[in-house]
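> Please see the structure below; I have some questions.
The values are calculated or read from the model by the stated rules, or taken from the named source; none is laboratory data. Quick caveat: nothing in here was measured; it's all calculated off a predicted structure. No Cβ is skipped: glycine too gets one built from the backbone with ideal geometry, and neighbour counts run over all protein chains shown.
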Amino acid sequence: MSRSVIDDYLDDLNTRLTGTWSERRAILAEIGDGLQDAVDHHRAQGLSLSQSRIAAVEEFGGARVIAAEFAPVLSSKRIHRYACAFTTMGPVIGVLWGGAALLGSFCAVPRWLTIAGLVLMAVAVVIGVPFTATAIASTGRLVRLVRIPTRLAAKALLVTATVSVFIDATLLLTLVVLLMLDSRDLVVLPVALGALASIARIAVAVSSVPRLAPARTPVPTS
């Protein structure tokens, strides 16, 4: 079966949408139904099938315009997903590394270095938590109360991602130093789980930067 102008239009739209596969599929199905209704209408007016398809596409407007209309909603959902991921992973990582510390895994670390590290991470948490809360509130159920542009929410989440990488990199670097100097006090299970959780959060943070880039900049409509 040969491709129609509608197939090409939907393919173009699919490449411009920024949501997940399921979100894009739902949007394409909605647009496809609308296009088919428009085609049926033009057919009833006496146009040929090919003419009706062309007319339907022209009525809907360019794929770039349609994608721009959906962009704020899709970006908001993506920001909310990442913000919830950071919110969930934070306490888990804290419990794992905190448990390892309480079990004496970091006894070999000089006290002054421990205090300095805790202070730095405390400052990072104080900075990161409000930005994460802002991203969640402005893209979740409180969106009607917290009216913050999607671009600002994305930038707030970028701060959260940066802070998360800083914290996890500090923890992993400390672990590497201990492994090289004196690993006798390390409690394997909580340390290993903490390291894996930190690596996972770094991966999430790094992946969020390019995926949230469209939300941090205005979407062109022409």
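> What tally of residues in the stretch 68-98 results from selecting those that are modelled with pLDDT of 85 or more and among the hydroxyl-bearing types (Ser, Thr, Tyr)?
Of the residues in the stretch 68-98, 3 are modelled with pLDDT of 85 or more and among the hydroxyl-bearing types (Ser, Thr, Tyr).
> Output the number of residues of the stretch 44-59 satisfying the condition of being farther than 15 Å from ASP33 by Cβ, assigned to a helix (DSSP H, G or I) and not hydroxyl-bearing (Ser, Thr, Tyr).
Within the stretch 44-59, residues that are farther than 15 Å from ASP33 by Cβ, assigned to a helix (DSSP H, G or I) and not hydroxyl-bearing (Ser, Thr, Tyr) number 6.
> With respect to ALA85, determine if the residue is part of a helix (DSSP H, G or I), under 25 Å from LEU212 (Cβ atoms), among the hydrophobic types (A, V, I, L, M, F, W, C) and without any contact (Cβ under 8 Å) to a residue 12 or more places away in the chain.
no
> Also: I'd like to check something: does the stretch 176-189 contain any residue that is touching a Ser or Thr at 6+ places or on another chain (Cβ under 7 Å), farther than 30 Å from ALA67 by Cβ and modelled with pLDDT under 80? Let's see the steps before the verdict.
Of the residues in the stretch 176-189, the ones touching a Ser or Thr at 6+ places or on another chain (Cβ under 7 Å) are 185-187.
From the residues that got through so far, the ones that are farther than 30 Å from ALA67 by Cβ too are 185-187.
Next, only the ones that are modelled with pLDDT under 80 stay: 185.
Within the stretch 176-189, one or more residues are touching a Ser or Thr at 6+ places or on another chain (Cβ under 7 Å), farther than 30 Å from ALA67 by Cβ and modelled with pLDDT under 80.
> Would the stretch 99-116 turn up any residue that is under 18 Å from VAL165 (Cβ atoms), at pLDDT below 90 and touching a helix residue (DSSP H, G or I) at 6+ places or on another chain (Cβ under 8 Å)?
no
> Identify, by number, the condition in (1) more than 12 Å from ILE6 (Cβ to Cβ); (2) at pLDDT below 90 that PHE60 doesn't meet.
(1)
Conditions (1) in contact with a strand residue (DSSP E or B) (Cβ under 7 Å, 6 or more places away or on another chain); (2) surrounded by fewer than 19 Cβ atoms within 10 Å (Cβ to Cβ); (3) among the acidic types (Asp, Glu); (4) without any contact (Cβ under 8 Å) to a residue 60 or more places away in the chain, marked per residue:
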{"site": "ALA56", "(1), (2), (3), (4)": "no, no, no, yes"}
{"site": "SER75", "(1), (2), (3), (4)": "no, no, no, no"}
{"site": "GLY104", "(1), (2), (3), (4)": "no, yes, no, no"}
{"site": "PRO130", "(1), (2), (3), (4)": "no, yes, no, yes"}
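> May I ask you to list the residues in the stretch 85-137 that are among the β-branched types (Val, Ile, Thr), within 18 Å of ALA197 (Cα to Cα) and under 17 Å from the mean Cα position of the chain (by Cα)?
Initially, the stretch 85-137 is screened for residues among the β-branched types (Val, Ile, Thr), giving 87-88, 92-93, 95, 109, 114-115, 119, 123, 125-127, 129, 132, 134, 136.
Applying the additional criterion that residues be within 18 Å of ALA197 (Cα to Cα) yields 87-88, 92-93, 95, 125.
Within the stretch 85-137, THR87, THR88 meet the criteria.
> How many residues does the stretch 91-127 contain that are of a type in the set (S, T, N, Q) and more than 16 Å from ALA169 (Cα to Cα)? Can you show your working first?
So in the stretch 91-127, the residues of a type in the set (S, T, N, Q) come out as 105, 114.
Narrowing further to those that are more than 16 Å from ALA169 (Cα to Cα): 105.
Of the residues in the stretch 91-127, 1 are of a type in the set (S, T, N, Q) and more than 16 Å from ALA169 (Cα to Cα).
> Suppose we filter the stretch 163-191 for residues that are within 20 Å of PHE131 (Cβ to Cβ) and of a type outside the set (A, V, I, L, M); how many remain?
The total comes to 4.
> Also: Would you check if there is a residue in the stretch 201-209 being farther than 21 Å from ALA100 by Cβ, of a type outside the set (Gly, Ala, Ser), touching a Leu at 6+ places or on another chain (Cβ under 9 Å) and in a helix (DSSP H, G or I)?
Yes, there is a match, as at least one residue in the stretch 201-209 is farther than 21 Å from ALA100 by Cβ, of a type outside the set (Gly, Ala, Ser), touching a Leu at 6+ places or on another chain (Cβ under 9 Å) and in a helix (DSSP H, G or I).
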